[in-house]
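Enquirer: Here it is, the structure in full.
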């Protein structure tokens, strides 16, 4: 019947233990369980909280009922135990030892003769924790001196260069999967259906007025042929969409309206028009663009057939 733990402490502890168990039990993928399934998880946690509160009230009611069944002496002992305060004796002793100060009743032993308007000075020792840290700093200084000034370990400049190189590699790895960080130099042709569908949606919303829905061209150039005014390929097309066309007569710069990933998507979709047949294609403009990085096909050399000339006179028949 003795219970020294307050209900306001037991309920939150039990509640958070249930949440931790729930996180380990429910698979939420990359997200915490309460974010992956918010309605179910919050409803379950509310139910658990209500149950814990009900259990606390039931335990308190049982405790009161049992208390009234005790005799007067037992009631007095029970109330005395309830009033006892728990103390962490070991921790308190360790704190006093680390502090290194004397109790108030023993301060008369270390009081000095200095007296300033009734303010007396105590001759306390330095706190042990401060002394230990001071000794530790000396040991650290000796090790540091030996490592970096005697044995000439790495310098701060070298450490900085290593950390910068490591960070650069991490940035490059992150950029490979972060489509939103692409620019005209790092963009790659997108071939996933989801990206091409997104590019098609952007194209039909913003580009059909000038290029037509089938890419045949109108105010803008034809996108189905191999001719490009400002260069073809994903990098050039990305740059043209982002920065705009020719000054005074080209299209506007879309970098203020579209995100980099959206520009990459619509540029990849634009390149799918090449080689298709438009309903009313516009005459070709610009020059035929050839990818300078494309691998030229290897044409097999013609094999020269050699005829073997047989001198009939050199053949002897046995």
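Coordinate-derived values only; no laboratory data. These figures come from a predicted structure and were not determined experimentally. No Cβ is skipped: glycine too gets one built from the backbone with ideal geometry, and neighbour counts run over all protein chains shown.
Enquirer: Just how many % of Cα pairs in the range 7-83 lie over 22 Å apart, if you round to the nearest whole percent? Mind showing how you got there, number by number?
Expert: On the way: 1340 of 2926 pairs.
The answer is 46 percent, as a whole percent.
Enquirer: On to the next question. With all distinct Cα pairs included, what does the Kirkwood hydrodynamic radius of the range 193-288 come out to in Å, to one decimal, could you say? Let's see the in-between values first.
Expert: On the way: mean 1/r = 0.0762 Å⁻¹.
Taking the inverse mean of 1/r over all distinct Cα pairs, the range 193-288 comes out at 13.1 Å.
Enquirer: Computed on alpha carbon atoms, what radius of gyration and Dmax characterise the range 65-137, expressed in Å?
Expert: Considering the range 65-137 through its Cα atoms, Rg and Dmax are 22.4, 64 Å.
Enquirer: Using only Cα atoms, what is the ratio of the radius of gyration of the range 95-145 to 2.2 N^0.38 Å?
Expert: Values: Rg = 15.8 Å, N = 51, 2.2 N^0.38 = 9.8 Å.
Its radius of gyration relative to the 2.2 N^0.38 Å reference: 1.62.
Enquirer: Which of (1) 76; (2) 49; (3) 58 is the computed percent of Cα pairs over 27 Å apart for the structure on display?
Expert: Calculated percent of Cα pairs over 27 Å apart: the matching label is (1).
Enquirer: Further question: For the range 83-154 and the range 238-268, compute the distance between their C-alpha centroids and round to whole Å.
Expert: The two parts, judged by their Cα centres, are 67 Å apart.
Enquirer: A further question on this structure: As a check on your grasp of the helix formula, calculate [θ] at 222 nm for the chain: sum -39500 (n - 2.57) over DSSP H runs of n ≥ 4, divide by the residue count, round to the nearest 500. Spell out each step's value before the answer.
Expert: Values: 11 runs with 157 residues, N = 318.
Here the helix-only value at 222 nm equals -16000 deg cm²/dmol.
Enquirer: Within a 10 angstrom radius of the beta carbon, how do 212, 98, 45, 104 rank from fewest other beta carbons to most? Don't jump to the answer; show the numbers that get you there.
Expert: Numbers: 212 22, 98 12, 45 15, 104 7.
Going from sparsest to densest Cβ surroundings: 104, 98, 45, 212.
Enquirer: If we count other beta carbons within 10 Å of each Cβ, what is the order of 241, 288, 19, fewest first?
Expert: 288, 19, 241
Enquirer: Another one. Taking the beta-carbon count within 10 Å as an exposure proxy, list 27, 214, 195 from fewest neighbours to most. Show your work: numbers first, answer last.
Expert: Numbers: 27 8, 214 16, 195 19.
If I rank by nearby Cβ atoms, fewest first, I get 27, 214, 195.
Enquirer: Moving on to the next point. Counting only C-alpha contacts under 8 Å and six or more residues apart, can you give the relative contact order of the chain as a whole percent? Show your work: numbers first, answer last.
Expert: On the way: 255 pairs, mean separation 39.2, N = 318.
Across the chain, relative contact order equals 12 percent.
Enquirer: Need one number for the range 118-277: average projected area of the convex hull over its C-alpha atoms, nm².
Expert: On the way: hull surface 86.1 nm².
Its Cα hull, projected and averaged over all orientations, spans 21.5 nm².
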